[in-house]
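The values are calculated or read from the model by the stated rules, or taken from the named source; none is laboratory data. Note that the structure is a prediction, hence the values are computed from the model and not measured. Here the Cβ positions follow ideal geometry from the backbone for every residue, glycine too, while neighbour counts run over all protein chains shown.
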Amino acid sequence: MATVNVTCLCGREFSLDAALAGNSFPCPTCNRRLVVPDDTAATRHPSPAALTTTIAAPGLEPPAPKRRTPAWALIGGVGVIAVALAIAVPQGVKRWHEFRVTKLEQEQRDLPRKQQERQQELERQVRQGQTQLAITGPAALQAGATNTYMIEAKTLAGDDTDAKYTLRLLDKNGKEVSHDEREAKGKFG
Ligand SMILES: [Zn+2]
């Protein structure tokens, strides 16, 4: 007579009459319900199959789809980044360019004013440093008379300034007749 083998999850094996196929019985060791299969080849281990479903439900099914990022999502993500860059980069460049232009324009605006200030300061210093001599008196010496000459020293800005005067009186032959050195402010005669 034909027998079917049933192995319980607890490891206990049963050799049963094939005529009992379809009936269930409790395992004497672990009390699991075992079903006698009608085909020895097809379902030798009915109980492990049941266990697999128990494990599969909470454990294997949910993580699988989560771990895989769909290709369209990746492509979409890359596309979004590319678009964001395409927008952000020209704007960044534009903003930087605008900043540069603004800065340059400001520098250009400041430049003439700074130059002008420097120029004015320079001219002022030159005017302060340079002196003008104004000599007033007779064009030719008059013999027998007192010849008065007025010498004025002024800065180019028009202020009286200290000056060291060297007065040399020469005769027709270029011979020095008198020599006078003095320092004075402004005019003296
Ligand atoms: Zn058992």
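Look at region 46-90 and say how many of its residues are aliphatic (A, V, I, L, M) and modelled with pLDDT of 75 or more.
Taking region 46-90 and keeping what is aliphatic (A, V, I, L, M), we get 49-51, 55-57, 60, 64, 71, 73-75, 78, 80-89.
Among the residues that remain, those that are also modelled with pLDDT of 75 or more are: 71, 73-75, 78, 80-89.
Result for region 46-90: 15.
Would you confirm, using the coordinates I've provided, whether Gly92 is at negative phi, within 18 Å of the chain's Cα centre (by Cα), surrounded by 10 or more Cβ atoms within 10 Å (Cβ to Cβ) and not charged (D, E, K, R)?
It is true that Gly92 is at negative phi, within 18 Å of the chain's Cα centre (by Cα), surrounded by 10 or more Cβ atoms within 10 Å (Cβ to Cβ) and not charged (D, E, K, R).
Would you say Leu133 is modelled with pLDDT under 70, among the hydrophobic types (A, V, I, L, M, F, W, C) and part of a loop (DSSP other than H, G, I, E, B)?
Working: modelled with pLDDT under 70: yes; among the hydrophobic types (A, V, I, L, M, F, W, C): yes; part of a loop (DSSP other than H, G, I, E, B): no.
Spelling it out, it is not the case that Leu133 is modelled with pLDDT under 70, among the hydrophobic types (A, V, I, L, M, F, W, C) and part of a loop (DSSP other than H, G, I, E, B).
Looking only at region 6-22, count every residue that is within 14 Å of the ligand (Cβ to nearest atom) and surrounded by 12 or more Cβ atoms within 10 Å (Cβ to Cβ) and tell me the total. Reasoning before the result, please.
Residues of region 6-22 within 14 Å of the ligand (Cβ to nearest atom): 6-14, 16.
Pick out the ones that are also surrounded by 12 or more Cβ atoms within 10 Å (Cβ to Cβ) and you get 6-10, 12, 14, 16.
The qualifying residues number 8.
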